[in-house]
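J.: Shown below is the structure under consideration.
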Amino acid sequence: MLTVADYMREVIPRVYVPVLRELMTKDELATLKLSIRASGSDMWLNDAAGLPPDAVIGTDEAMLGVEVHGELQLFWLASSMTDEENRERFYSDIQDWISETTFGWGQLRGHM
């Protein structure tokens, strides 16, 4: 099992960032903020009540916070799934979210 710090350093760049690069514009990526939060928490990673960098991710209770142009959406981090399964689920979820945001309203980006 990985800690939050390990997950941010190893898994996020390998699994999630390529999806974000494919589906978002340079302007959108310039405003991108990522965080890992406890399920049901509205705290950022570095907040006192948020998940500390040494917290272990492995109970499927952690969520990836994706903020672009001030719009925030949370996505489950499923430790029981493979990288490819997580990538496919995230791709579908972020594709839907983008089409519902003010910056990407109505746009179905990427493959279907």
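The values are calculated or read from the model by the stated rules, or taken from the named source; none is laboratory data. Computed from a predicted model, the values in this text were never measured in an experiment. Glycine also receives a Cβ, built like all others from the backbone with ideal geometry; neighbour counts cover every protein chain displayed. The accessibility values were calculated without ligands, DNA or RNA, using every heavy atom of the protein model including side chains. Shrake-Rupley method; radii C 1.70, N 1.55, O 1.52, S 1.80 Å.
J.: Nearest 10 degrees, 0 to 90: what angle lies between the long axis of helix 83-100 and the longest principal axis of the chain (Cα atoms)?
T.: For helix 83-100, the angle is close to 50 degrees.
J.: Next question. With each run of n ≥ 4 DSSP H residues scored as -39500 (n - 2.57), what mean residue ellipticity at 222 nm is computed for the chain after dividing by its residue count and rounding to the nearest 500 deg cm²/dmol?
T.: The helix-only estimate for the chain comes to -8000 deg cm²/dmol at 222 nm.
J.: Consider just the alpha-carbon atoms of the chain and return their Rg together with their Dmax, both in angstrom.
T.: Looking at the chain, its Cα Rg and Dmax stand at 13.6, 40 Å.
J.: Turning to a different aspect of this structure: What is the spin-label model distance, in nm, from Asp83 to Glu67 if the labels are put 7 Å beyond Cα along the C-beta direction?
T.: About 2.8 nm, to one decimal.
J.: Counting Lys and Arg as +1 and Asp and Glu as -1, each charge on the Cβ, what is the dipole of the chain about the Cα centre in debye, to the nearest 20?
T.: 280 debye
J.: Let me ask you something else. What figure, in Å² to the nearest 10, do you get for the accessible area of Thr31 with a 1.4 Å probe and non-protein molecules left out?
T.: Estimated to the nearest 10 Å², Thr31 gives 50 Å².
J.: Same structure, new question: Mind checking the full-extension length gain between Leu29 and Arg109? Use 0.36 nm per residue of separation minus the Cα-Cα distance, one decimal, nm.
T.: In short, 27.3 nm is gained.
J.: For Lys33, what accessible surface area do you get with a 1.4 Å probe? Give it in Å², rounded to 10.
T.: Roll a 1.4 Å probe over it and Lys33 shows about 110 Å².
J.: So, one more: Suppose accessible area is computed on protein heavy atoms with a 1.4 Å probe; arrange Glu88, Glu67 from highest to lowest.
T.: Glu88, Glu67
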